[in-house]
Amino acid sequence: MCYSAQVQADYKKYVTMFGAEMSIREFYEVFYRRGLDAKIKIPKAVEASFANPQTDDEHAIKALIDEHNDKQAAKFEEELFRQKKRLADAERSLQSKPTKKAQEDQRIASDKIRQLMTRHADLKRTELLDRDSRIYPGSYVPVMIWEDGKRVIKPMRYGCRPAGKPAFYDVKFPGTYNARRDNLQGFWKGQFGHTHGLIVVNAFYENVNRHKAEGRELAPGEEVENLVLEFKPRPTQDMLVACLWSKWTGPGEPDLLSFAAITDEPPAEVAAAGHDRCIVPIKPENVDAWLNPANTSADRLLAMLEDRERPYYEHRMAA
């Protein structure tokens with residue numbers, strides 16, 4: 001399953017590439033709700049789209065981003081102070097009477113100090129790194145859909161909660177960030193043929209077992225070891241990954257826009273690396289037909305997924 005991907009996070013690139021319109025209201029709502037709900041995660045590269053606001057709406061979003069980052073910085077600084085005190089106390093204890101607790105406090109505090117300093121520095125950093133546009137389940141990213149006869153960009157959560165399902169589906173079915181092609185007319189029948197989307201991806205990441213990646217069986221007594229592999233298309237390219245999305249509504253709850261990336265059987269090189277699924281990049285000539293599936297047969301839609309781009313995927317250990 002594609003648990004993580006490197007995406008095009010700047011909505012302006014979608015506007016340029018596809019002539020799409022941005023739904024500014026939904027972007028504002030997501031940034032506003034993040035201030036109330038710590039579970040909402042927005043990649044730094046999405047925030048960077050509003051670094052130089054040109055309109056009143058963009059200025060309003062930039063203000064929400066700045067407010068959020070200021071609060072995060074204060075939170076990190078407060079926790080950093082606590083961990084530095086913890087480290088100092090542990091080191092004094094180790095000098096006078098070494099104990100296992102003091103050793104653990106020293107190790108944990110040192111690790112947390114490094115993490116907090118990195119996260120604090122990330123808030124202030126303006127130069128974008130690859131990891132700033134990497135998404136995980138729960139991340140909000142731009143998704144292109146079809147609405148009112150045109151291509152539209154909206155922020156959606158990676159991890160689809162189908163309309164009409166209870167909110168606990170997020171916990172009961174934690175793998176709904178991917179939609180298996182062989183289950184599109186089953187579990188995903190409410191979205192397939194109705195609400196389709198696209199995201200732009202240039203790499204994806206998978207958890208694999210080391211022994212499978214090395215093309216062998218587990219040795220006697222050997223424990224399963226997990227690796228994270230990065231898969232990139234060659235030649236380097238942006239892939240238009242087919243998605244399903246849904247608008248969920250519930251009493252007393254804010255509306256939720258969320259999506260899942262469609263996956264299929266892997267090409268030989270991905271299977272040889274130890275993984276059994278792969279994203280589905282559709283061809284540029286099929287973009288509008290995919291985004292606007294009304295009056296299109298299921299067979300035709302499935303044919304678009306079959307007649308897809310098939311780059312060769314190189315892999316390496318993820319950083």
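Worth a mention:
- Proximal charge balance of Pro98 [Cβ under 12 Å; K/R count +1, D/E count -1]: +1
- Residues in the stretch 260-289 that a label on Arg310 would reach, taking backbone N under 18 Å of a point 7 Å out along Cα→Cβ: 263-273, 276-286
- Exposure proxy order (Cβ contacts within 10 Å, fewest to most) of Phe31, Phe168: Phe168, Phe31
- The chain, relative contact order in percent, only Cα pairs under 8 angstrom and at least six apart counted: 21
- Angle in degrees between helix 24-34 and the longest Cα principal axis of the chain, rounded to the nearest 10: 30
- The stretch 22-78 - Debye-derived log10 I(q)/I(0), Cα point model, q = 0.16, 0.20, 0.21 Å⁻¹: -0.47, -0.72, -0.79
- Inter-part distance where the stretch 252-310 and the stretch 22-37 are each reduced to a Cα centre, Å: 27
- Computed over Cα pairs, the Kirkwood radius of the stretch 163-319 leads via Stokes-Einstein (0.890 mPa s, 25 °C) to a diffusion coefficient of 143 µm² per second.
- Out of every Cα-Cα pair that the stretch 27-167 contains, those further apart than 27 angstrom amount to 40 percent.
- Mean Cα-pair separation over length for the stretch 63-124, i.e. relative contact order, pairs under 8 Å, 6 or more apart, %: 43
- Separation of the stretch 137-173 and the stretch 75-131, taken as the distance between their Cα centroids, equals 36 angstrom.
- Using alpha carbons only, the radius of gyration of the chain set against its Kirkwood radius gives Rg/Rh = 1.02.
- Candidates per trypsin sites (Lys or Arg not before Pro) in the stretch 34-91, loop by DSSP, up to 13 other Cβ within 10 Å: Lys39
- Computed over the Cα atoms of the stretch 1-103, pair by distinct pair, the Kirkwood hydrodynamic radius stands at 17.1 angstrom.
- The convex hull around the C-alpha trace of the stretch 139-216, projected and averaged over every direction, spans 7.5 square nanometres.
- With bins 5 Å wide beginning at 0, the percent of Cα pairs of the stretch 65-107 falling in each bin runs 5, 24, 20, 13, 11, 9, 9, 5, 3, 1.
- At R0 = 45 Å, FRET efficiency that the Cβ-Cβ distance of Asn292 and Ile113 yields, to 0.05: 0.30
- Amide N proximity, the stretch 107-128 versus Arg92 label position 7 Å along Cα-to-Cβ, cut-off under 19 Å: 107-110
Quick note: the coordinates plus some simple rules give every number you see, no bench work behind them. This one's a predicted model, so the numbers in the text were calculated from it and none came from an experiment. Virtual Cβ from ideal backbone geometry, glycine too; neighbours counted across all protein chains shown.
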